[in-house]
1. Report, for the chain, the % of DSSP beta bridges that are antiparallel, rounded to 5.
2. May I ask which of LYS297/LYS322; LYS114/LYS145; LYS15/LYS73; LYS15/LYS81 have a Cα-Cα span longer than 24 Å here?
3. Mind checking the dipole of the chain: about its Cα centre, +1 per Lys or Arg Cβ, -1 per Asp or Glu Cβ, Debye to the nearest 20?
4. Just LEU221, LEU40, LEU30 to compare: in a GNM of the chain, with alpha carbon springs under 10 Å, which one fluctuates most?
5. Quick one: net charge around ALA189, please, counting Lys, Arg +1 and Asp, Glu -1 for every other residue with C-beta under 13 Å from its C-beta.
6. If all Cα-Cα distances of segment 1-70 are sorted into 10 Å bins from 0 onward, what percent lands in each bin, rounded to whole numbers?
7. Angle between the Cα long axis of helix 182-193 and the longest principal axis of the chain, 0 to 90 degrees, nearest 10?
8. Once the piece of chain linking LYS322 and ALA195 is laid out straight, how much longer is it, given 0.36 nm per residue of separation minus the C-alpha distance between them?
Amino acid sequence: MRNLQDLKELLSSPKKIVITTHHKPDADALGSSLALWGYLRKKKHEVKVITPTDYPTFLNWMNGNDEVIIFNKGNEALSQKLVDEADVVFCLDFSALSRINELGEIIRKASAKKVLIDHHLEPEDFADINFSDTGAAATAVLIYKIIIGMGDREHLDTCIGECIYAGIMTDTGSFRHPSTNKEVHLIIAELINLAVDISKIHRLIYDNNTETRLKFLGYALLNKLVVIPEYYTSYIAISAAELNKFDSQTGDTEGLVNYALSLETVVMAAVIIEREDAVKISFRSKGEFSVNEFARKHFEGGGHRNAAGGKSSLSLEETVKKFKEVLPLYKEELNQHYKAEKLIC
Ligand code: 5GP
Ligand code: MN
């Protein structure tokens, strides 16, 4: 592969490297970043991980977490300096520089070689070396394959394996999304071989609720879940005041949308949240219905076919109204997908 050859040449002598990933990193974003960080350090490069924002505390166990630089936590000048001085910037788990806020423009202007490693749909063309594979189950899969492709299997270790495992486990919805192919399971077998404690990682990520988070989940499901049967759609809208009332922390609303999707009659689910800067929406779907297209078309977003996100500069109420107003355009499609979901064999 040309891109692997280019990467080998680029990294053939020690380099100053910055790794970055998307806004509010999830386990794949942070896991692939820290796996790559662990690997490149072993290759004697000088490596820093910069995230645009903070991330959920249930990811803090990852090796290298203590060295992550969070851009918007007073590290703007330091980040600018590191990016300006870098020979190489790796962009992981996002497909457009707009996804990393102000850091995006700093990276766009930097003289460093840019390497994109990602699996989101419709990637922006900004990188010098591109490992964009929209069929990959997780960016962590691509990190694993790049390490192997570089001929460095012996550099894989338990710590790197744990980060890769977390990325694959979460982005495949614990190995149930359609992206979970044979290759994914073969990689996991190799990670188990590296003594990765898969059961513990599952617990660290999923069995990690605070009491208030669990009560918030109960509140949202009891009081805020709305089902629209004719469009096979459900949504939960949460105001800033409600987040405040439950002392919501980064990551506390993650997974909420999956409950809304788990209804038998639902093909598309949305969680609409009033954040400080804008109203943020998480979309999920079953089967062939593409929330990537839905988010892209109506809510300045994107992602994957079955998991996408978007935003709106309208108020929370107006965003909900807009969401409900566009649903009739998809009535037939949603109906067909609902019927198709019932067919197997
Ligand atoms: P989540 O709903 O978990 O925040 O995001 C689901 C998927 O959609 C993730 O792969 C995420 O990277 C992507 N995504 C979330 N928000 C946005 C957005 O505003 N724009 C784009 N292009 N992708 C997004
Ligand atoms: Mn991902």
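1. Values: 19 of 46 bridges.
Antiparallel bridges make up about 40 percent of those DSSP assigns within the chain.
2. Values: LYS297/LYS322 12 Å; LYS114/LYS145 19 Å; LYS15/LYS73 26 Å; LYS15/LYS81 15 Å.
Result: LYS15/LYS73 exceed 24 Å.
3. On the way: 41 positive and 49 negative charges, 50 e Å.
The dipole magnitude comes to about 240 debye.
4. LEU221
5. On the way: positive: LYS182; negative: GLU183, GLU190.
Cβ neighbours under 13 Å give a net charge of -1.
6. 20, 49, 25, 6
7. Tilt relative to the chain: about 60 degrees.
8. Details: separation 127, 0.36 × 127 = 45.72 nm, distance 4.90 nm.
Gain on extension, LYS322 to ALA195, equals 40.8 nm.
We did not get these values from a lab; they are worked out from the coordinates using the rules stated. The shown structure was predicted, so the numbers you read here are calculated from the model rather than taken from an experiment. Methodologically, a virtual Cβ is constructed for each residue, glycine included, from the backbone with ideal geometry; neighbour enumeration extends over all protein chains shown.
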